[in-house]
Amino acid sequence: MNFWFFWFILIGLLLVWSAINEMKKENKELKKRLDDLAKATGYEELSSNYVEEPLKSELAMLKNKGEDIQAVKLLREKTGMGLVHAKQFIDELE
């Protein structure tokens, strides 16, 4: 009896995990499409990668002081950006 219960739970967890991964993939694709659409129409502020000028200035100041890590942390905190993307953004900042 316990054997079947264990397999039932395991299969259920695998199905849930698979569904969550599929939703994450779809979410990423939709986010990219929205960003491309915002860029194509000239509404950059609607992009998920948009950073407002006051924040951009603060990030540039931190970068110029050599506090890149603090800049990445601030950017992630304010925008919810992922670590890799935030690091790339800071690296490309002037």
When the stretch 1-23 is checked residue by residue, the ones that are surrounded by fewer than 10 Cβ atoms within 10 Å (Cβ to Cβ) and either assigned by TED's automatic domain parsing to the domain that holds F89 or not hydrophobic (A, V, I, L, M, F, W, C) (or both) are N2
Checking L15 against (1) at pLDDT 95 or above; (2) among the hydrophobic types (A, V, I, L, M, F, W, C); (3) within 22 Å of the chain's Cα centre (by Cα), the condition it does not meet: (3)
Near pairs, Cβ below 8 angstrom, 6+ apart or cross-chain, from the stretch 14-39 (more than 17 Å from G82 (Cβ to Cβ)) to any residue that is among the aromatic types (F, W, Y): A38/Y50
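Among the listed residues E45, E94, which satisfies the condition of being in a loop (DSSP other than H, G, I, E, B) and exposed (fewer than 10 other Cβ atoms within 10 Å of the Cβ)? First the steps, then the outcome.
Numbers: E45 fails: in a loop (DSSP other than H, G, I, E, B).
E94 is the lone residue from the list that is in a loop (DSSP other than H, G, I, E, B) and exposed (fewer than 10 other Cβ atoms within 10 Å of the Cβ).
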Those residues of the stretch 18-53 which are more than 30 Å from E94 (Cα to Cα) and under 12 Å from the mean Cα position of the chain (by Cα) amount to K24, N27
Condition check: among the polar types (S, T, N, Q) and either surrounded by 11 or more Cβ atoms within 10 Å (Cβ to Cβ) or at pLDDT 95 or above (or both). Does N27 satisfy that? no
Please list, ordered by first then second residue, the pairs with beta carbon atoms under 8 Å, 6 or more apart or interchain, first in the stretch 72-84 and without any contact (Cβ under 8 Å) to a residue 12 or more places away in the chain, second part of a helix (DSSP H, G or I) and of a type in the set (A, V, I, L, M). R76/L83; R76/A86; L83/V72
Hey, A40 exposed (fewer than 10 other Cβ atoms within 10 Å of the Cβ) and not assigned by TED's automatic domain parsing to the domain that holds D91 or not: yes
Would you check which residues across the stretch 56-80 are among the aliphatic types (A, V, I, L, M), over 17 Å from the mean Cα position of the chain (by Cα) and surrounded by 14 or more Cβ atoms within 10 Å (Cβ to Cβ) and list them? L59, A60, L62
Among V84, V51, the single one that is outside any loop (DSSP other than H, G, I, E, B) and of a type in the set (A, V, I, L, M) is V84
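The values are calculated or read from the model by the stated rules, or taken from the named source; none is laboratory data. Just so we're clear, the structure is a prediction, and the values are computed from it rather than from any experiment. Methodologically, a virtual Cβ is constructed for each residue, glycine included, from the backbone with ideal geometry; neighbour enumeration extends over all protein chains shown.
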